[in-house]
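Values in this text are rule-based calculations from the coordinates and carry no lab data. Fair warning: this is a prediction, and the values are worked out from it, not measured in the lab. Because the Cβ atoms are built from the backbone with ideal geometry, glycine has one as well, and the counts that use them run over all protein chains shown.
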Amino acid sequence: METIRKIDMHAHVSAYPTLTPKSRYNGETYPSAEQLIAMYDKLDIEYGVLLPINCPTSMLFTSTPESYKVIADEHPDRFVWFCNVDPRQMDNTPNADLSYLLMHYKNLGARGLGELTPNMYADDPFMDNLFHHLEECDMPVLFHISPFLGHQYGIVDDLHLPRLEKMIKKHPRLKFIGHSQPFWAEISADLKEEERNGYPQGKVTDGTLARLLRTYDNLYCDYSAGSGMNSMRRDPEYAAKFMEEFQDRLMWGCDICAPSNTHPFEFRDFMDGMRASGAISETVYYKIARGNAEKLLKL
């Protein structure tokens with residue numbers, strides 16, 4: 001089979017690896033740009049979308065849009081970048097003119113906003129205001145869902161994502177790109193509250209994600225991290241049907257947070273196996289691997 005060089009929709013790097021605090025759990029930091037490129041070469045990834053995280057909620061360190069633009073400019077054949085604007089920036093009111101900041105970054109080359117992680121309800125007035133300005137500026141948003149307030153990062157929603165649905169419906173011109181355990185766990189209708197922040201197993205029956213994707217054409221999905229991979233590997237037969245039906249709104253992603261991460265290789269092998277067996281078509285594979293990201297981000 002012909003090698004299809006992929007686009008990583010979900011990339012993080014450390015702009016200053018020697019200065020960045022190391023994780024208390026594995027003693028590592030985000031990879032440097034050079035380390036990530038070396039992993040990309042092994043994974044047949046042409047380039048990645050750099051996602052700064054500027055909200056300190058439950059984070060060891062933050063990253064700035066400015067630093068990620070510099071890295072993308074240093075490696076123009078391997079990275080593009082998103083900006084990040086906290087909904088409380090500027091005036092700390094739900095009426096702040098966030099378009100001022102968003103257009104500043106867009107004019108510098110930002111393709112969207114993400115990863116959006118403030119630990120606030122998805123339909124909080126501050127969030128609603130940010131989504132409004134993203135819609136006005138024609139910039140997609142990639143977000144992380146959290147199951148609760150406190151000791152978490154990510155915008156907060158309840159079981160079956162009613163708050164997110166409210167925002168998707170209210171802002172029909174804004175492209176929402178979903179990610180995280182509580183997002184991907186909604187692939188199955190039998191999801192329980194206590195399973196939302198984990199990796200549920202077992203056969204899948206059409207859940208909230210399928211319903212939302214069928215109802216709203218401005219919702220997209222980012223397959224990154226263990227959560228995206230688990231949603232497919234837990235039931236490959238359903239995964240093939242899901243990828244076929246929603247082939248125009250699913251995008252490859254890695255979410256490599258340390259040089260030792262192995263999940264992108266496992267997901268690559270799973271997807272390549274689906275392609276080789278004929279479970280998914282060449283067209284579906286290509287769209288997920290790079291075609292949808294190219295179209296959405298006008299690459």
Could you give me the residue pairs with C-beta distances under 6 Å whose first residue belongs to the stretch 1-29 and is at negative phi, whose second residue is outside any loop (DSSP other than H, G, I, E, B) and among the small types (Gly, Ala, Ser) wherever it lies, and which are 6+ apart or on separate chains? Ile4/Ala289; Lys6/Ala289; Ile7/Ala293; Asp8/Gly48; Met9/Ala293; Ala11/Gly48; Val13/Ala33; Ala15/Ser67
When only residues in the stretch 160-201 that are closer than 20 Å to Val141 by Cβ and charged (D, E, K, R) count, which is surrounded by the most Cβ atoms within 10 Å (Cβ to Cβ)? Glu186
Search the stretch 25-54 for residues being under 16 Å from Ser67 (Cα atoms) and small (Gly, Ala, Ser), and hand back the single one that is surrounded by the most Cβ atoms within 10 Å (Cβ to Cβ). Gly48
Where Met120 falls short, out of the listed (1) buried (at least 18 other Cβ atoms within 10 Å of the Cβ); (2) farther than 25 Å from Gly228 by Cβ; (3) not β-branched (Val, Ile, Thr): (2)
Within the group Phe183, Phe148, which residue is of a type in the set (A, V, I, L, M, F, W, C), more than 17 Å from Pro87 (Cα to Cα) and without any contact (Cβ under 8 Å) to a residue 12 or more places away in the chain? Phe148
Can you tell me which residues in the stretch 257-299 are touching a helix residue (DSSP H, G or I) at 6+ places or on another chain (Cβ under 6 Å) and β-branched (Val, Ile, Thr)? Ile280, Val284
Residue match in the stretch 218-240 (condition: in a helix (DSSP H, G or I) and over 21 Å from Gln201 (Cβ atoms)): no
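Among what's in the stretch 1-24 and is buried (at least 16 other Cβ atoms within 10 Å of the Cβ) and hydrophobic (A, V, I, L, M, F, W, C), pick the residue that is farthest from Leu297 (Cα to Cα). Steps first, please.
Taking the stretch 1-24 first, the residues buried (at least 16 other Cβ atoms within 10 Å of the Cβ) are 4, 6-15, 17, 20.
Next, only the ones that are hydrophobic (A, V, I, L, M, F, W, C) stay: 4, 7, 9, 11, 13, 15.
Working: Ile4: 18, Ile7: 11, Met9: 10, Ala11: 15, Val13: 20, Ala15: 23 Å.
My answer is Ala15.
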Looking at the stretch 199-216, I want the residues that are part of a loop (DSSP other than H, G, I, E, B) and have a partner that is aliphatic (A, V, I, L, M) and exposed (fewer than 15 other Cβ atoms within 10 Å of the Cβ) with Cβ atoms under 7 Å, at least 6 apart or on another chain. Which pairs are those? Thr205/Ala189; Gly207/Ala189
Is it true that some residue in the stretch 75-92 is over 28 Å from Ser146 (Cα atoms), surrounded by fewer than 13 Cβ atoms within 10 Å (Cβ to Cβ) and not aliphatic (A, V, I, L, M)? yes
Check Leu51, Leu43 and return the single one that is in contact with a Gly (Cβ under 9 Å, 6 or more places away or on another chain), among the aliphatic types (A, V, I, L, M) and within 20 Å of Gly253 (Cβ to Cβ). Leu51
